[in-house]
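The values are calculated or read from the model by the stated rules, or taken from the named source; none is laboratory data. Remember, it's a predicted structure, so these values are computed and weren't measured experimentally. Every residue, glycine among them, receives a Cβ derived from its backbone with ideal geometry; neighbour counts consider all protein chains shown. Accessible surface areas use protein heavy atoms only, side chains included; no ligands, DNA or RNA. Shrake-Rupley method; radii C 1.70, N 1.55, O 1.52, S 1.80 Å.
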Amino acid sequence: MANDRRVVIIGAGIAGVATALDLLERGGSDVVVLERYGPGFGSSSKSAGVIETQYLDRSAVEVRNYGLRYFERFAEKHEVALVQSGYLRLAQESADMESFRKSINLQQEFDITDPELLDVEEIQRRWPRIRMDGRVGGLFGPSDGYVDSYEFTLCAASQIVRLGGRVINGVDVLEATHASDGTWNLKTNQGIYEADFIVNAAGPWAKNVAKIFGADLPQNNQLRPKIKIEHREKLDTLLPFVMDYVPGSGRDGIYFRSETPNELFVGIHTDESIQEERDPDIRLGEASQEFVDRVKELLPTRLETPKGLRLGRTWTGLYAISPDNKPIVDVHPDAPGVVHSMGAGGSGIQLAPAMARIAADLILDSSTNSFPNTDWSINRSSLHTS
Ligand SMILES: Cc1cc2nc3c(=O)[nH]c(=O)nc-3n(C[C@H](O)[C@H](O)[C@H](O)COP(=O)(O)OP(=O)(O)OC[C@H]3O[C@@H](n4cnc5c(N)ncnc54)[C@H](O)[C@@H]3O)c2cc1C
């Protein structure tokens, strides 16, 4: 088939590269990814890389299941690691255990049959170091795990080139004009690029890029830190990813996992926008002392901390969150041919394959039926009433 569709993707984060791969694998498109710096420069190199399906509604399970299967296949084919060391979401009250029970039923609908509802005793039997004071149990997904999302993004970028696409670094998209024949002309710091279709996959900058196309889309950037903690005492049993946050609770919670018998990764997570909004160009660096102090306070409440702790590297990144905490993947009515793919918050790695599939559907078929339970459209009511 002739490559008759010229597609320019703005941003070589995981959303952009996954969309490029989806289009190239389905054929018939010339795909160019324009990246201001280099692949993974944005949030995709700052992530915890968790891929999991322990969610509480049908849509969230559907799209994450697609993501998990995608990463399994990708890891097998390209020899990048998907470490399936499990994911344990803790329940704060008995109503959470009821939601977790429903999640297990939902997951079975998608052929995810191994998640388990664990009571406090069982959690402590398997991982004696996890402290369960004030917690009533948990939902455990043994097949869940994590990827190095930077490694994945780089690997996907090189696959794009192997499949005949291009990834051009150092290109900053500045302005866009729409010609009468439907072609988009993108003005960049390195000349003009022409395209029939555009994908705005600019992560925390997506709201700014949407404005270039005359679209005012809601997105709130939240700063999220992470820390690596080394410990002299070697753990006999590695910890799965433990998440002390329940979606929709309006609170944040600590998470941690073992990286090696002598290393922990720790962060504080919520899907929700509960802090001040940040400029995407904010200078990212080390985590604040306030975050380090909170980790010092919260970690011992959930983990019998190993001996000889030493705080290691800290870093920060941005969650780009939409008003209802779900991605937006849609064409804005005022800018035909431009698909905005944004707002995945703290789930943008695990959701990237599903976001890519929908963005590619919209380009190839002008509509999508790939995920019947999922509405990531711009005009959904929850986006405008949340
Ligand atoms: C601390 C932390 C932990 C996280 N943990 C997880 C997790 O465990 N699991 C999970 O699923 N998700 C997690 N996330 C979220 C996830 O990392 C993001 O949702 C995801 O990386 C967003 O990918 P993206 O491709 O949309 O954006 P980005 O990776 O930010 O990519 C956007 C790209 O667009 C480029 N760009 C911007 N403007 C322009 C322009 N005008 N012209 C050209 N290029 C441009 C940027 O340079 C950037 O490279 C975490 C995030 C953080 C910060």
Worksheet item: Which residues, counting only those in the stretch 182-225, are open to solvent by 40 Å² or more (accessible area, probe 1.4 Å), near the ligand (Cβ under 8 Å from one of its atoms) and among the β-branched types (Val, Ile, Thr)?
Response: Ile212
Discussion item. Which of the numbered conditions does Ser322 fail, given that it passes all the others? Conditions: (1) surrounded by fewer than 18 Cβ atoms within 10 Å (Cβ to Cβ); (2) more than 30 Å from Leu238 (Cα to Cα).
Written reply: (1)
Worksheet entry | Residue list for the stretch 137-157, restricted to those being away from the ligand (no atom under 16 Å from the Cβ) and open to solvent by 10 Å² or more (accessible area, probe 1.4 Å) | Phe140, Pro142
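This table checks each residue for (1) buried (at least 19 other Cβ atoms within 10 Å of the Cβ); (2) part of a loop (DSSP other than H, G, I, E, B); (3) away from the ligand (no atom under 16 Å from the Cβ).
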| site | (1), (2), (3) |
| --- | --- |
| Lys307 | no, yes, yes |
| Leu311 | no, no, yes |
| Gly317 | yes, no, no |
| Ser382 | no, no, yes |
Worksheet item: Restricting attention to the stretch 1-31, and to residues there that are among the aliphatic types (A, V, I, L, M) and more than 22 Å from the chain's Cα centre (by Cα), which single residue is surrounded by the fewest Cβ atoms within 10 Å (Cβ to Cβ)?
Response: Ala2
Fill in: Residues (of a type in the set (Phe, Trp, Tyr) and under 22 Å from Pro240 (Cα atoms)) located in the stretch 100-125
Phe100
Item to complete: Under 8 Å between Cβ atoms, at least 6 apart or on separate chains: pull out the pairs that start in the stretch 126-150 with a residue that is closer than 30 Å to Gly38 by Cα and end on any residue that is open to solvent by less than 40 Å² (accessible area, probe 1.4 Å) and among the charged types (D, E, K, R).
Response: Asp144/Glu52; Gly145/Glu52; Tyr146/Arg257
Worksheet item: Counting just the residues of the stretch 338-353 that are in contact with a Pro (Cβ under 9 Å, 6 or more places away or on another chain) and farther than 22 Å from Arg5 by Cβ, which one comes out surrounded by the most Cβ atoms within 10 Å (Cβ to Cβ)?
Response: Ala344
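Open to solvent by 20 Å² or more (accessible area, probe 1.4 Å) and of a type outside the set (A, V, I, L, M): which single residue out of Gln54, Gln92 fits that description?
Values: Gln54 fails: open to solvent by 20 Å² or more (accessible area, probe 1.4 Å).
Among Gln54, Gln92, only Gln92 is open to solvent by 20 Å² or more (accessible area, probe 1.4 Å) and of a type outside the set (A, V, I, L, M).
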Worksheet item: Residues Ile282, Ile268, Ile274: which one is surrounded by 14 or more Cβ atoms within 10 Å (Cβ to Cβ) and under 20 Å from Ala344 (Cβ atoms)?
Response: Ile268
Worksheet item: Considering only strands (runs of 3 or more DSSP E) fully contained in the stretch 27-123, which possess at least 3 residues that are in contact (Cβ under 8 Å) with a residue 40 or more places away in the chain and either in the same structural domain as Ile282 (by TED's automatic domain parsing) or within 25 Å of Asp375 (Cβ to Cβ) (or both)?
Response: 87-91
Worksheet item: Would it be correct to say that Val331 is within 15 Å of the ligand (Cβ to nearest atom) and not polar (S, T, N, Q)?
Response: no
